[in-house]
1. Distance between Cα centroids, region 34-84 to region 220-251: provide it in whole Å.
2. Under 14 Å from the Cβ of LYS14, count the other residues' Cβ atoms, weight Lys and Arg +1, Asp and Glu -1, and hand me the total.
3. Springs between alpha-carbon pairs under 10 angstrom, Gaussian network model over the chain: which of LEU97, LEU220, LEU52 fluctuates most?
4. Measure off 7 Å from each Cα along the Cα-to-Cβ vector at GLN24 and ALA253, then give the distance between these two points in nanometres to one decimal.
5. How long is region 241-293 along each principal axis, judged by its Cα atoms, biggest number first, in Å?
6. For each cysteine in the chain, check whether another cysteine's C-beta sits under 4.7 Å from its C-beta; list those where none does.
7. Could you work out the helix-only [θ] at 222 nm for the chain, with each DSSP H run of four or more residues adding -39,500 (n - 2.57) and the total divided by the number of residues, to the nearest 500 deg cm²/dmol?
8. Specify, per residue and in Å³, the volume enclosed by the convex hull of the alpha carbon atoms belonging to the chain.
Amino acid sequence: MRDYMIRGTAAGEKIRAVATVTTQTVEDARIRHTTSATATAALGRSLTAAALLGAGLKAGQSVMLRVLGDGPIGAIIAQADAWGRVRGYAANPHADLPETPQRKLDVGGLVGRRGTLHVTRDLGMRSPYHGSAPLISGEIAEDLAAYLASSEQIPSVVALGVLVGRDLHVLAAGGLCVQVLPGAAPDAVADLEARARRLPPITQLVADGCTPEEILTAALGGMDPSIGATSPVAFQCGCSRRRVEEMLWGLGADELEALLAQEGQAEVTCRFCGDRYVLSGREVEALIAGLRDGAPAPAVQ
Ligand SMILES: [Zn+2]
């Protein structure tokens, strides 16, 4: 099954929710970044969170999540756009920790319990909207819920889960975000939190074969839910050879001359997806000649 997400509302549109299954997206990220088991969970939860935050974006808009904790994984960056294209990376993808005494992956320990969660929404305006909040536990779902409540003033229940097999493969991943909008009943947040506690973990729902619709219905059951549009989710990076050429062009002729003298070629690895681009010495020379001649910069498609 391909990953997708679904949006819905409940309680007369006073509650909105989005649920997603991201098993393949997180598995793709794991393969690209060769993440450790715990790093797969930390990056996977972050990617899933970005997908949830990206629900409802319009063409050209994007959202970026930066989890900057003091744990061994270092910074985690995850980005999603209006088409459900998700990409991201962790500074130290091979960092790992022993399981907790409850035999769970120690995501909080790997991320760190002190630090900041940053969310940047680029809505195509002059400047992006940026907010941040201190990390609560480093487990990411709780941190995102705290951010949404404090920085965006939207009480939210967030669940994120990644189940990693003994052979490191991603067995199940998904997420749920339920938000209480102005005008909802005063006890709506407490009610939703109680419901969320009664739900099985997201990883169990996904591993049992639940669809995003079923996860959404389980979370909103009895609240007159209305299931909305679905949209695809996939790990997909926007990098390309043209973008690499444009980036090299931006360095200027002198810098490229120095690079050519030192390396004999230009090699660029995309941090987000790990794809590697190599421009031969001749191709770099062509860029330098273009810069010296005042040719227009390479157009990005
Ligand atoms: Zn890339």
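Taken together, the values in this text are just the output of simple stated rules run on the coordinates, not laboratory data. Keep in mind that what you see is a predicted model, and the values were worked out from it rather than measured. Don't worry about glycine lacking a Cβ; one is built from the backbone with ideal geometry, like all the others, and counts go over all protein chains shown.
1. 11
2. It works out to a net charge of -3.
3. Of LEU97, LEU220, LEU52, the Gaussian network model singles out LEU97 as fluctuating most.
4. Rounded to a tenth, the inter-label distance reads 4.8 nm.
5. 33, 19, 15
6. CYS177, CYS210
7. One gets -10500 deg cm²/dmol as the mean residue ellipticity at 222 nm.
8. 149
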